[in-house]
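Structure record follows, encoded as structure tokens.
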Amino acid sequence: MNDIYEEIEHIKRDIEVRVKHPYLMEFIDVPIIDEQKLFLLYSILKETELPAEKIKSIMVATMLVQIALDTHELVGLRRIDDHHPFMKKRQLTVLAGDYYSGLYYYLLSQVEDLQMIRVLSTAIKEINEHKISIYQNDLNDLDDFIDRVAMVDSLLIQKIATYFGNIDLKNLAKEYLLANRLNNEKINFSVSGLSVVIDKIRLLQEKNERLYAGVDRNQALALIEKQMMKSVHYLETFLKHHKRTYCFLSEKIRDFINRLDLVIEKAVKEG
Amino acid sequence: MKLKKLYTFINSELDLIEKALKEAMQADNPVLKEASMHLLQAGGKRIRPVFVLLSAKFGNYNIDEIKDVAVALELIHTASLVHDDVIDNAELRRGAPTIKSKWDNRIAMYTGDYIFARAVELMTNINKIEAHQVLSKTMVDLCIGEIEQIKDKFNWNQNLRTYLRRIKRKTAILIAVSCQLGAIVSEAPQVVQRQLYRFGYYVGMAFQITDDILDFTGTEKELGKPAGSDLLQGNITLPVLYALRNERLRKEIIDSFDIKNNKENMQHIITLVRQSGGIEYSKRISDRYLQKAFNILKELPNCQEKTALLNIAKYIGKRKF
């Protein structure tokens with residue numbers, strides 16, 4: 001098990017080196033590397049017959065794409081003039097995202113992995129479709145919204161799992177990352193009173209009053225927890241059915257479930 | 001003479017490219033589709049697809065294959081413009097509101113990312129890994145060029161070499177690679193691939209220098225944006241670099257800039273740059289690049305594509321907007 005952690009740590013260091021452009025780092029934050037996604041990718045790729053170097057290049061490239069997409073989420077919306085102190089940071093955030101995106105393509109072309117270039121570029125295209133639908137509130141209902149949130153967070157990994165024919169981990173990635181995302185939203189909400197997802201649910205209410213009449217922020221939070229329970233149920237079922245496989249990933253998921261603070265679940269259990 | 005008249009013999013192929021560009025932007029989300037089409041419909045010279053097609057004619061020309069390369073390059077150019085408008089805080093592009101202005105920065109970021117991804121996805125139809133190695137390196141270099149441009153903003157002490165390296169990465173490489181990829185994908189001889197790359201590079205350098213000149217000589221109507229926009233952004237281009245060599249002008253330009261960047265002040269700086277001889281100097285440098293491009297063409301086999309490349313290079317040297 002320690003070897004796995006070492007391997008992942010090694011890949012993480014490789015990514016850190018690639019994204020650290022000296023001038024960019026003077027103005028923008030060091031990108032965050034999502035460890036859960038690394039664990040998922042590692043588990044998918046370890047099931048294949050691919051050599052270690054190939055696994056590494058796919059993991060690094062995928063995480064570069066994720067970092068690129070995440071970086072562009074940080075581009076500010078507020079109208080500021082050209083000489084505003086934040087302008088340079090904004091400009092470099094745009095370019096950093098493009099730079100990281102270029103790096104994934106460059107890396108995969110160097111290792112001659114044309115198939116993976118196709119898999120990732122298709123995923124980026126679709127992720128941006130989902131992002132814009134969420135942003136523009138072009139959503140049918142709550143399920144549509146939750147599904148798109150899940151897709152934004154997991155489509156890169158889902159596409160890779162699908163490419164290697166691992167449907168179990170494709171579905172797991174979607175539910176695991178969704179539960180994680182909703183949990184983070186819940187924590188943000190309880191700490192700061194802010195949550196993009198909760199606000200969106202309330203906006204959906206305004207858009208279609210008949211469907212969500214009377215949903216206030218606390219009720220929106222309850223809807224999130226209900227969805228989380230669904231995802232956690234999926235994760236628990238997965239763990240039950242995979243007692244001898246994906247040991248490393250299973251351990252991570254079990255840790256995650258144990259750390260969750262599902263208020264509603266507790267309340268239901270306590271009657 | 002209009003640019004399009006120089007290569008009428010590829011009109012039917014260019015129509016195919018135009019159709020393919022529209023098809024490539026058919027997103028499911030209506031806003032994404034509209035935003036993607038927005039810039040495409042605003043026009044543009046489609047100079048990169050033209051270079052791809054003409055260069056491909058020096059090898060085994062297959063329009064079905066080369067079409068994807070031409071479309072991908074135009075999409076990369078388009079996506080970079082969408083993100084550039086966020087970087088430059090630009091309200092107008094080709095005389096029309098920018099995506100970031102019509103919608104907002106977030107839509108511009110998503111649209112740019114979508115178009116970049118679509119370009120790479122289309123390129124994966126090309127089963128020649130060398131083409132991907134060339135293009136991916138170019139995309140990274142384009143970003144580095146833009147990062148350097150920001151780093152060099154308002155750096156009144158930068159030199160000619162810094163400027164030339166910057167415009168190479170910012171503009172010339174993508175034109176050079178348009179020519180090179182046309183040749184690679186059509187499997188033209190390696191020597192021809194290199195020659196076409198060099199040709200594109202020299203033309204690209206001349207193209208950008210001409211753009212930088214027009215920023216001081218063009219009208220707002222011709223440029224689709226206010227004259228002096230580059231300098232207002234802090235981009236020190238060749239005409240300014242030349243003007244800065246004169247100590248008196250240097251002081252006046254820098255001082256004027258420090259006071260206030262209003263329209264009258266900018267007009268004064270434009271006048272100073274024009275009076276400095278910077279426009280004529282820049283034209284001479286641009287002409288030197290064009291001459292190098294002409295010399296490269298002499299080494300290529302005679303054909304109508306070569307004549308078209310020659311005429312495009314000449315046009316670029318003379319263009320007024």
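The values are calculated or read from the model by the stated rules, or taken from the named source; none is laboratory data. Everything numeric here is computed off the predicted structure, so don't read it as measured data. Ideal geometry is used to build each Cβ from the backbone, glycine not excepted, and the neighbour counts take in all protein chains shown.
Could we say that A:L156 is in contact with a His (Cβ under 9 Å, 6 or more places away or on another chain), within 14 Å of another protein chain (Cβ to nearest Cβ), crowded, with 22+ Cβ neighbours inside 10 Å and not charged (D, E, K, R) here?
Details: in contact with a His (Cβ under 9 Å, 6 or more places away or on another chain): no; within 14 Å of another protein chain (Cβ to nearest Cβ): yes; crowded, with 22+ Cβ neighbours inside 10 Å: yes; not charged (D, E, K, R): yes.
In short, no.
Sub-7 Å Cβ pairs linking a first residue in the stretch B:5-23 that is touching a residue at least 12 places away in the same chain (Cβ under 8 Å) and aromatic (F, W, Y) to a second residue that is assigned to a helix (DSSP H, G or I) and buried (at least 18 other Cβ atoms within 10 Å of the Cβ), at least 6 apart or interchain, are B:Y7/B:V50; B:Y7/B:L54; B:Y7/B:A308, ordered by first then second residue.
I'm checking my understanding of the structure. Among residues of the stretch B:236-257 that are of a type outside the set (A, V, I, L, M, F, W, C) and in contact (Cβ under 8 Å) with a residue 40 or more places away in the chain, which one is farthest from B:I167 (Cα to Cα)? Explain how you work it out, then say what you get.
Step one: of the stretch B:236-257, the residues of a type outside the set (A, V, I, L, M, F, W, C) are B:237, B:239, B:242, B:245-248, B:250-252, B:255-256.
Still in the running and in contact (Cβ under 8 Å) with a residue 40 or more places away in the chain: B:237, B:239, B:242, B:250.
On the way: B:T237: 9, B:P239: 14, B:Y242: 16, B:R250: 22 Å.
Among those that are of a type outside the set (A, V, I, L, M, F, W, C) and in contact (Cβ under 8 Å) with a residue 40 or more places away in the chain, it is B:R250.
Take the stretch B:152-191 and flag every residue that is surrounded by fewer than 20 Cβ atoms within 10 Å (Cβ to Cβ), over 15 Å from the mean Cα position of the chain (by Cα) and part of a helix (DSSP H, G or I). Explain how you work it out, then say what you get.
Residues of the stretch B:152-191 that are surrounded by fewer than 20 Cβ atoms within 10 Å (Cβ to Cβ), as a first pass: B:152-162, B:164-165, B:168, B:187, B:189-191.
Filter again for over 15 Å from the mean Cα position of the chain (by Cα), leaving B:152-162, B:187, B:189-191.
Correct list: B:L160, B:R161, B:T162, B:Q190, B:V191.
Please verify whether A:Y163 is within 15 Å of the chain's Cα centre (by Cα), away from chain B (no Cβ under 12 Å) and hydroxyl-bearing (S, T, Y), treating the condition exactly as stated. No: the conditions fail for A:Y163.
Kindly indicate whether B:R245 is outside any helix (DSSP H, G or I) and loosely packed, with under 15 Cβ neighbours inside 10 Å. Let's see the steps before the verdict.
Details: outside any helix (DSSP H, G or I): yes; loosely packed, with under 15 Cβ neighbours inside 10 Å: yes.
Yes; evaluated as a whole, the condition is true for this residue.
Quick check: is even one residue across the stretch A:126-142 under 24 Å from A:K54 (Cβ atoms), of a type in the set (V, I, T) and touching a residue at least 40 places away in the same chain (Cβ under 8 Å)? Checking the stretch A:126-142: at least one residue is under 24 Å from A:K54 (Cβ atoms), of a type in the set (V, I, T) and touching a residue at least 40 places away in the same chain (Cβ under 8 Å). Here A:N137 clears all of (1) more than 9 Å from every other protein chain (Cβ to nearest Cβ); (2) of a type outside the set (V, I, T); (3) in a helix (DSSP H, G or I) except the condition numbered (3).
Let me confirm something: among A:S121, A:S43, which residue is small (G, A, S), part of a helix (DSSP H, G or I) and within 9 Å of another protein chain (Cβ to nearest Cβ)?
Details: A:S43 fails: within 9 Å of another protein chain (Cβ to nearest Cβ).
Every option except A:S121 fails the conditions.
Each residue in the stretch B:291-306 was checked for being more than 15 Å from B:L54 (Cα to Cα), outside any loop (DSSP other than H, G, I, E, B) and over 21 Å from the mean Cα position of the chain (by Cα), and 2 of them qualify.
Return yes when A:N180 is surrounded by 19 or more Cβ atoms within 10 Å (Cβ to Cβ) and touching a residue at least 60 places away in the same chain (Cβ under 8 Å) and no when it is not. Show your work before the answer.
Working: surrounded by 19 or more Cβ atoms within 10 Å (Cβ to Cβ): yes; touching a residue at least 60 places away in the same chain (Cβ under 8 Å): yes.
Yes: the conditions hold for A:N180.
Looking at the stretch A:85-101, which of its residues are surrounded by 24 or more Cβ atoms within 10 Å (Cβ to Cβ) and over 17 Å from A:M25 (Cβ atoms)? If the condition is that a residue be surrounded by 24 or more Cβ atoms within 10 Å (Cβ to Cβ) and over 17 Å from A:M25 (Cβ atoms), then A:S101 is the only one that fits. Here is the figure for the stretch A:29-85: residues that are over 23 Å from A:N180 (Cα atoms) and in contact with a Lys or Arg (Cβ under 8 Å, 6 or more places away or on another chain) total 5.
Taking the conditions exactly as written (more than 14 Å from every other protein chain (Cβ to nearest Cβ), among the charged types (D, E, K, R) and surrounded by fewer than 15 Cβ atoms within 10 Å (Cβ to Cβ)), does B:K102 satisfy them or not?
No.
Considering each residue of the stretch A:53-83, count those that are of a type in the set (A, V, I, L, M), part of a helix (DSSP H, G or I) and facing chain B (nearest Cβ under 10 Å), and give that number. Explain how you work it out, then say what you get.
The initial filter retains those residues of the stretch A:53-83 that are of a type in the set (A, V, I, L, M), namely A:55, A:58-61, A:63-65, A:67-69, A:74-75, A:77, A:80.
Keeping just the survivors that are part of a helix (DSSP H, G or I) gives A:55, A:58-61, A:63-65, A:67-69.
Now narrow it down to the ones that are facing chain B (nearest Cβ under 10 Å): A:65, A:68-69.
Going through the stretch A:53-83 one residue at a time, the tally reaches 3.
Which one is modelled with the highest pLDDT, of the residues in the stretch A:209-224 that are within 19 Å of A:R148 (Cβ to Cβ) and surrounded by 14 or more Cβ atoms within 10 Å (Cβ to Cβ)? Restricting to residues being within 19 Å of A:R148 (Cβ to Cβ) and surrounded by 14 or more Cβ atoms within 10 Å (Cβ to Cβ), the top hit is A:I224.
Looking only at residues that are closer than 20 Å to B:L297 by Cβ and free of Cβ contacts under 8 Å to residues at least 40 places away in the same chain in the stretch B:192-231, which one is surrounded by the fewest Cβ atoms within 10 Å (Cβ to Cβ)?
Going through the stretch B:192-231, the residues closer than 20 Å to B:L297 by Cβ turn out to be B:192-210.
Going one step further and asking which of them are free of Cβ contacts under 8 Å to residues at least 40 places away in the same chain, we end up with B:193-194, B:197, B:201, B:204.
Working: B:Q193: 24, B:R194: 13, B:Y197: 23, B:Y201: 22, B:G204: 28.
Looking at the filtered set, the residue picked out is B:R194.
Among the residues making up the stretch A:84-113, those that are more than 8 Å from chain B (Cβ to nearest Cβ), over 17 Å from B:M139 (Cα atoms) and either modelled with pLDDT under 95 or assigned to a helix (DSSP H, G or I) (or both) are A:H84, A:P85, A:F86, A:K89. With the requirement that a residue be part of a helix (DSSP H, G or I) and in contact with a Leu (Cβ under 7 Å, 6 or more places away or on another chain), what does the stretch B:265-277 give you? Residues satisfying the conditions are B:M266, B:I269, B:L272. The one condition from (1) buried (at least 19 other Cβ atoms within 10 Å of the Cβ); (2) modelled with pLDDT of 85 or more; (3) closer than 30 Å to A:L74 by Cβ that A:F238 does not meet is (3). Among the residues of the stretch B:28-44, just one is closer than 10 Å to B:W103 by Cβ, facing another protein chain (nearest Cβ under 10 Å) and either touching a strand residue (DSSP E or B) at 6+ places or on another chain (Cβ under 6 Å) or surrounded by fewer than 21 Cβ atoms within 10 Å (Cβ to Cβ) (or both), namely B:V31.
Scanning the stretch B:114-147 for residues that are without any contact (Cβ under 8 Å) to a residue 40 or more places away in the chain, within 19 Å of the chain's Cα centre (by Cα) and facing chain A (nearest Cβ under 8 Å) yields B:S136, B:K137, B:V140, B:C143, B:I144, B:I147.
Being hydroxyl-bearing (S, T, Y) and either assigned to a helix (DSSP H, G or I) or within 13 Å of the chain's Cα centre (by Cα) (or both) is the filter here, so list the residues in the stretch A:171-199 that pass it. Result: A:Y176, A:S190, A:S192.
Within 22 Å of B:I316 (Cβ to Cβ), surrounded by fewer than 24 Cβ atoms within 10 Å (Cβ to Cβ) and more than 15 Å from the chain's Cα centre (by Cα): is that true of B:K57 in this structure? Let's see the steps before the verdict.
Details: within 22 Å of B:I316 (Cβ to Cβ): yes; surrounded by fewer than 24 Cβ atoms within 10 Å (Cβ to Cβ): yes; more than 15 Å from the chain's Cα centre (by Cα): yes.
Taking the combined requirement at face value, the residue satisfies it.
I'd like to check something: does the stretch A:145-153 contain any residue that is outside any helix (DSSP H, G or I), under 23 Å from B:A108 (Cα atoms) and within 14 Å of chain B (Cβ to nearest Cβ)?
No: zero hits.
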